[in-house]
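Undergrad: Starting off with a structure, shown below.
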Amino acid sequence: MNRVVSLILLFLLTLSTFTYAVDKKYIPNNVDSVFSINAGTMAEKGEINLQDIFNRFFMQQYADRYLEYRDDDFVAEVMTNKLNDYIDFSKTSRIVFFNGYQQMTLMFDVKDITELDKLMIKMASQEDKLVAVAENAAYRYLPLDEYNLISWNKEIFSVTLKLKDNYWYNEELNKEDITNIANYVFINNTPLEDEKFLALENETNDSYVWANLSVLADENSDFAKFLFGRSYEGIPKEAYKDAIITTKINFNNGDAQVLLDSYTPNYPYDSLLLKKELADNIYSFVNGENNYGFLSLAFNSKELAGYLKNIMGDMKNLPFKEELKALEENGIDASKFIELFGGDIFVSVWDDPNADTDESPALLISASITDTDTVKVILQAFAEDVTDDVYTLGGNLCYIKDSILYISDNSNVIDSIINGEKPATALSADKVEIAKNNTMALYLEFNPNLSLYGIGDEYTETFESVYLTSNILESNHTQMLLKVNTRDKEKNSLSIIKSFLGL
């Protein structure tokens, strides 16, 4: 029995050496973020030559500049044609950021340490430098200058860059900082053990990002100042403490997906802000034929009103001062305006097959409301015209029926709603599920029969649809999914996207 268990453990250990690439022991716990990518897998899925891609965007230019001042064809040849002999791109590589995104390190698996040593010694001699050996011989390194450091051992090869000439660069970083980063990586007694990072490591994704937002909680952080200026108005800086964002990127046959999850334990919202299902009658008048797509929202209006008031502050500085004053005279509190909505909003655009060819597509906004009389007072205050309970605002027609406010720029749509005439083709069940199962859903369909805003055949022949969904989950989690569906289900989506972009 012990022998069987030992064999199983040996098998799992062996498997892990093929599954994992740059070992997580080289990723210290003081990193700001980790970007992981499997270049070999991406090259295979995209049907591309990895070396050619490197040459086109980076290596050839680097080699050309090298040859301008060094007569060494061997190093240039390695850069442009033989990287695969030295670096193992079949395994996952990492890019990690340090010190408020002022420094970054690229890490790759070493394929042949003997040949790599020869290459680096040759390069060092051409730079009139020597390859140095770190404390305890943990790694070797070649400092190109105070901004660029190459370091390696028998397992990984890394390039560390001190970023300069950017908006948040801190001039106080001294020249030793670049070797300190190498020490963090190679002499690492405190590897990153964040549970969300480890969960990503245990999954198989084409690429992933792990980012610690705690740097934004430090008002002295240059990176935080760059993003927010000196102001943390609305959302307190403490909200970013211990916050983690993870992103998974995958390319499959027929679709590409980006899944972003944020965990913000100190952020001032919770799952009560949003609810899960749209009212069944919110999309009943939406025409499913020749539909370009839709936007749907489902939220808890009372909770959201309080939240928006907290982050927006004084609403008296908003536009429409005169209109807001008129609302106040009618006893309507502008700060509670959002509470008049029942929490469901559905926006859809479609081509009317019976309309003239030069007529614009029909737009319909459907919003559930909690107080019909109050909404009518608001419409009256803003309306340019009111005829038979139809309010005209900025060229759009507004009508209330069964606690739903309908807004359309097409009079035929409003007439159909008044008469209870539902479209011959309803919105398909799969699209309704996208809307109902997500608190926010933005869906765009590339229908070959449509030509909205000049979208031509190159889009409609390549892509089927794209949608973005968002949900607030329990325990201060939010999740967003961006998904692109391609028409060809036999080929990998990365290859299709690459061809579409002309790469």
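Undergrad: For the residue pair LEU163 and LYS302, what label-to-label distance in nm results when each label sits 7 Å from Cα along the Cα-to-beta-carbon direction?
TA: Simple spin-label model gives 4.5 nm for this pair.
Undergrad: Further question on the same structure: What is the spread of the Cα atoms of region 380-503 along each of their three principal axes, largest first, in whole Å?
TA: 56, 44, 28
Undergrad: Relative contact order, percent, of region 376-492 when contacts are C-alpha pairs under 8 Å separated by at least 6 residues?
TA: It comes to 13 percent, rounded to a whole number.
Undergrad: Now for a separate question. Can you give the FRET efficiency for ASN30 and ALA137, using 1/(1 + (r/R0)^6), R0 = 25 Å, r = Cβ-Cβ distance, to the nearest 0.05?
TA: 0.60
Undergrad: Going 7 Å from the Cα of ASN266 along its beta-carbon direction, which residues of region 204-218 have the amide nitrogen within less than 15 Å of the resulting point?
TA: 212-218
Undergrad: Using a cut-off of 18 Å between alpha-carbon atoms, which lysines can reach LYS162, once sequence neighbours fewer than 8 places away in the same chain are excluded?
TA: Output for LYS162: LYS175.
Undergrad: Could you give the nm distance between label points at GLN126 and ASP72, where each point is 7 Å from its Cα heading toward the beta carbon?
TA: 0.5 nm
Undergrad: Continuing with this model, one more query. Decide, for region 364-438, between rounded, prolate and oblate: order the square roots of the alpha carbon gyration tensor eigenvalues as a ≥ b ≥ c, take rounded if a/c falls under 1.5, and otherwise choose prolate if a/b is larger than b/c, else oblate.
TA: Prolate, since a/c reaches 1.5 and a/b exceeds b/c.
Undergrad: Give me the percent of the accessible area of region 179-261 that comes from carbon and sulfur atoms, probe 1.4 Å, all protein chains in place.
TA: Exposed carbon and sulfur together represent 49 percent of the surface.
Undergrad: Shifting gears a bit: What is the gain in length, in nm to one decimal, between GLU219 and ASN174 on full extension, counting 0.36 nm per residue of separation less the C-alpha to C-alpha distance?
TA: Working: separation 45, 0.36 × 45 = 16.20 nm, distance 2.19 nm.
Gain on stretching GLU219 to ASN174: 14.0 nm.
Undergrad: Over region 18-145, with every protein chain in place, what whole percent of the accessible area is carbon and sulfur at 1.4 Å, could you tell me?
TA: C and S atoms contribute 50 percent here.
Undergrad: Let me ask you something else. Can you tell me, using C-alpha contacts under 8 Å and at least 6 residues apart, the relative contact order of region 124-167 as a whole percent?
TA: Relative contact order for region 124-167 comes out at 23 percent.
Undergrad: What length, rounded to one decimal in nm, is gained on full extension from LYS336 through to SER403, with 0.36 nm per residue of separation minus their alpha-carbon distance?
TA: 22.3 nm
Undergrad: Just subtract the alpha-carbon distance of THR204 and LYS118 from 0.36 nm times their residue separation and send over the number in nm, one decimal.
TA: Going from the current span to full extension adds 27.5 nm.
The values are calculated or read from the model by the stated rules, or taken from the named source; none is laboratory data. Keep in mind that what you see is a predicted model, and the values were worked out from it rather than measured. When we count neighbours, we look across all protein chains shown, and the Cβ atoms used for this are built from the backbone with ideal geometry, even at glycine. We work out accessible area using only protein heavy atoms, side chains counted, and drop any ligands, DNA or RNA first. Shrake-Rupley method; radii C 1.70, N 1.55, O 1.52, S 1.80 Å.
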